[in-house]
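Trainee: Here it is: the structure, laid out below.
What follows is calculated from the coordinates using simple rules that are stated; it is not laboratory data. Quick caveat, the model's predicted, so the values are computed rather than measured. Positions of Cβ are backbone-derived with ideal geometry, glycine not excepted, and every protein chain shown enters the neighbour counts.
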Amino acid sequence: MWLDEKVARYSISKPRFMICYESGHVILLALPSPPLLLNTLLNQEKFLNNTGAHKSILSFTSMGGTIDHSIMDTDGRYSFIISGKNYYRMGSLLPA
């Protein structure tokens, strides 16, 4: 969040925000541990130093999954939920 998004009556040194999580009334569950392979990669310095290259490789892919459209009938920012597995479709990097 940006400091300009803080609740006006709170100071910059101890800001409070209400836009997200309804000022603490919404509690998010802890994320599950990543799969072993991903956890192994996340603990390797070589992998972490090359995340920009990995991101560039995936930038030419398209995302797929089963989209739950039920939350799209609300005001506010566009959001969507992917249920099941999230995957990338990636073809050859060489032209036909």
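Trainee: Give the cross-link partners of Lys14 among the lysines, using a straight C-alpha distance below 28 Å as the criterion and excluding same-chain residues fewer than 8 apart.
Mentor: Output for Lys14: Lys6.
Trainee: Using a 10 Å cut-off around each Cβ, can you sort Ser13, Ser56 from fewest to most neighbouring Cβ atoms? The partial results should precede the final answer.
Mentor: Values: Ser13 5, Ser56 10.
The order, fewest Cβ neighbours first, is Ser13, Ser56.
Trainee: Then there is this: When a footprinting reagent is the concern and you count Cβ atoms within 10 Å, what order do Glu5, Glu45 take, fewest first?
Mentor: Ascending Cβ contact count within 10 Å gives the list Glu45, Glu5.
Trainee: Full-extension gain between Thr51 and Ala30, please, as 0.36 nm times their residue separation minus the C-alpha to C-alpha distance.
Mentor: 5.2 nm
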